[in-house]
Amino acid sequence: MTANDVMKQAKPRFDENQLLELQDAINLATAAHTGQKRRSGEDYIIHPLSVAAILIEWDMDIDSVLAGVLHDTVEDTSLSLERIEAVFGRDVAFLVDGVTKVGQVRSGMRDLTSYLPATKDNLTKLMIAIGQDIRVIIIKLADRLHNMRTLEHMPPDKQKKIARETMEVFAPLADRLNMGRVRVQLEELSFRFLMPKDYARTRSLMDSRLKKSQKKLDKVRSEVVKKLDEEKIEFDMDGRVKSVYSLFKKLDRVGGDIERIHDLIALRIIVADLDTCYLVLNVLHEMYTPQFERIKDYVSRPKLNGYQSLHTTVQTTNGQIVEFQIRTQEMHEYAERGFAASFHYNETKLTDAYKKGTLAALPADLSWIRELQEAAARASEGKSYDTKKLRMDLFRDRIFIYSPKGDIYDFPVGAYPLDYAYRIHSEVAEHASGFKVNGVMKPFDYQLQHGDRVEVLTSKSAHPKASWRDLVVTQHAREKLRMQLSRSGGVLGSITNAAGQIGRRLRKR
């Protein structure tokens, strides 16, 4: 990767002034890293240039790309953060500072350092940094992806340590950001170093199977292209091969029998709009015999990480089993790049949101990021925060809950209706008297299920109770409930004291 490669890649994406900024950043980073080498023997500047190229590929904004070029300068060279801010502005310096502090395993952001002296957990620090600006972790994911691509130059013990951290922390983070392609790449690279024998065996099994299937699949592809052309449907089609790690996990579930795995290769059809998705599904079912139990509508009911697509598995006339995935271009971009795709489609809105200190513009299925921002805000004010609970909220399985109007909210598995009520508004939760789930009354201790539609019933006479502490699991709900109980306790105490004083005066009479 060279400076010219990066500039050539950036040219269609950015305007003239932004390209000049990028060239300045490359020149500054190149000068700062002069004489430094990577373990491979290559000039060190190749790494930050590669990180910038990954960020451009993900369609991130110019500030993220500039920070990608400069992300190692403050830690590894004499270049100061003040110099970066003077040349490129506060936002770029802020991102570089965030990535640097995460890399140093410090508190995450300069203004948080003094408030988290007891926080020794690296992951917690990473979480707090994300809360300040989600682009920090996007840059860190790009940094980790390139490091994983060059991991063979590290000593074996370092390889396993880095690969394990990648599998346990960074791949799940990519998944939480709906960055499916990045998750798959990180898992694949980690699998290769953590379990080399299993990787080689699974890879060999996959290659053997693909050779047998390719000709038959090409015939199916030709048939479908011809039929969709006859129907005058505009589309793009490509093939998706299952990752080696995904195949390894699935083989484990089916006793190692690859004959029972029918989605090793899937044909992906991308169309203009949702109506056409369902039209293509109908065409495929007319052409081939559908396996009805394997038709999955992830459009009306998205996966836990926000993924949307129609899936169907069919049997062709020659007995071959083939999976198809049908989606719009926007669904495809979101499935591949997740939050980065959101940033691309809503760049101005999201950038403004960061400058105003609010994440209201985030997609509903990324609302967990707001909890991180709350953690960062509390830490910066010197207040305590349940860091263990924060990690549980982020890394346990998630479910989507629907409001009566169809809005989507993201919760950890095990959440209760009160968690939903507090997410809607603390005043709504404060007067919650009951809940309807899918139109049926449910008790306060009902555990929400993926896809539930929840309506909060309220009453002016309803108030928070101490027993509610056992009926919320999210940190946001716990904190709001604690404040309400504290406030109502103070009011109750005042009433009790006043009643006591009146009673004493009456007895004196």
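Based on this model, can you work out whether SER461 counts as exposed (fewer than 13 other Cβ atoms within 10 Å of the Cβ), at pLDDT 85 or above and either of a type in the set (Gly, Ala, Ser) or within 43 Å of the chain's Cα centre (by Cα) (or both)?
Yes; evaluated as a whole, the condition is true for this residue.
Test each condition in (1) charged (D, E, K, R); (2) out of contact with any Ser or Thr (no Cβ under 9 Å at 6 or more places or on another chain); (3) under 19 Å from LEU145 (Cα atoms) for ARG38 and report the one that comes out false.
(2)
Kindly indicate the residue of the stretch 292-310 that is closer than 16 Å to ASP273 by Cα and free of Cβ contacts under 8 Å to residues at least 24 places away in the same chain and also surrounded by the most Cβ atoms within 10 Å (Cβ to Cβ) among those meeting that condition.
Looking at the filtered set, the residue picked out is TYR298.
Here is a yes/no grid of residues against (1) farther than 30 Å from HIS146 by Cα; (2) touching a Ser or Thr at 6+ places or on another chain (Cβ under 6 Å):
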position	(1), (2)
PHE191	no, no
LYS197	no, no
MET206	no, no
SER213	yes, no
ASP236	no, no
VAL241	no, no
VAL244	no, yes
LYS249	no, no
GLU259	yes, no
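Kindly evaluate LEU145 against the criterion of being surrounded by fewer than 22 Cβ atoms within 10 Å (Cβ to Cβ), within 20 Å of VAL99 (Cα to Cα) and under 20 Å from the mean Cα position of the chain (by Cα).
Here the answer is yes, as LEU145 does meet what is asked.
So, in the stretch 272-291, of the ones that are among the hydrophobic types (A, V, I, L, M, F, W, C) and either under 26 Å from the mean Cα position of the chain (by Cα) or modelled with pLDDT under 90 (or both), which residue ends up surrounded by the most Cβ atoms within 10 Å (Cβ to Cβ)?
Across the stretch 272-291, the extreme among qualifying residues is CYS277.
Being polar (S, T, N, Q) and surrounded by fewer than 16 Cβ atoms within 10 Å (Cβ to Cβ) is the filter here, so list the residues in the stretch 168-210 that pass it.
SER204, SER208
Looking at the stretch 303-324 only, could you name the residues that are touching a helix residue (DSSP H, G or I) at 6+ places or on another chain (Cβ under 8 Å) and farther than 11 Å from ALA266 by Cβ?
Once the filter is applied, which keeps residues that are touching a helix residue (DSSP H, G or I) at 6+ places or on another chain (Cβ under 8 Å) and farther than 11 Å from ALA266 by Cβ, the stretch 303-324 yields ASN305, GLY306, TYR307, GLN308, LEU310, VAL314, THR316, ASN318, GLN320.
Pairs only if they're at least six apart or on different chains, beta carbon under 6 angstrom, first in the stretch 172-189 and free of Cβ contacts under 8 Å to residues at least 24 places away in the same chain, second among the charged types (D, E, K, R) and in a helix (DSSP H, G or I); list them, first residue then second.
So the pair list comes out as ARG183/ASP175.
Does the stretch 263-287 hold any residues that are part of a helix (DSSP H, G or I) and closer than 23 Å to SER213 by Cβ, and which are they?
VAL280, LEU281, VAL283, LEU284, HIS285, MET287
Somewhere in the stretch 74-96, is a residue within 22 Å of GLN185 (Cβ to Cβ) and among the β-branched types (Val, Ile, Thr)?
Checked against the condition, which is being within 22 Å of GLN185 (Cβ to Cβ) and among the β-branched types (Val, Ile, Thr), the stretch 74-96 yields no hits at all.
Would you pick out the residues in the stretch 47-86 that are of a type in the set (D, E, K, R), assigned to a helix (DSSP H, G or I) and in contact with a Phe, Trp or Tyr (Cβ under 9 Å, 6 or more places away or on another chain)?
If the condition is that a residue be of a type in the set (D, E, K, R), assigned to a helix (DSSP H, G or I) and in contact with a Phe, Trp or Tyr (Cβ under 9 Å, 6 or more places away or on another chain), then ASP63, ASP76, GLU85 are the ones that fit.
Residues are listed down the side, and each one gets a yes or a no for (1) among the aliphatic types (A, V, I, L, M); (2) part of a strand (DSSP E or B); (3) at pLDDT below 80; (4) farther than 22 Å from LEU173 by Cα:
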residue: GLN373; (1), (2), (3), (4): no, no, yes, no
residue: PHE400; (1), (2), (3), (4): no, yes, yes, no
residue: LEU418; (1), (2), (3), (4): yes, no, no, yes
residue: VAL456; (1), (2), (3), (4): yes, yes, no, yes
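Which condition does ASN178 not pass, out of (1) in a helix (DSSP H, G or I); (2) within 30 Å of LEU66 (Cα to Cα), if it passes all the others?
Answer for ASN178: the failing condition is (1).
The values are calculated or read from the model by the stated rules, or taken from the named source; none is laboratory data. Since the structure is predicted, the reported quantities are computational estimates derived from the model, not experimental observations. Because the Cβ atoms are built from the backbone with ideal geometry, glycine has one as well, and the counts that use them run over all protein chains shown.
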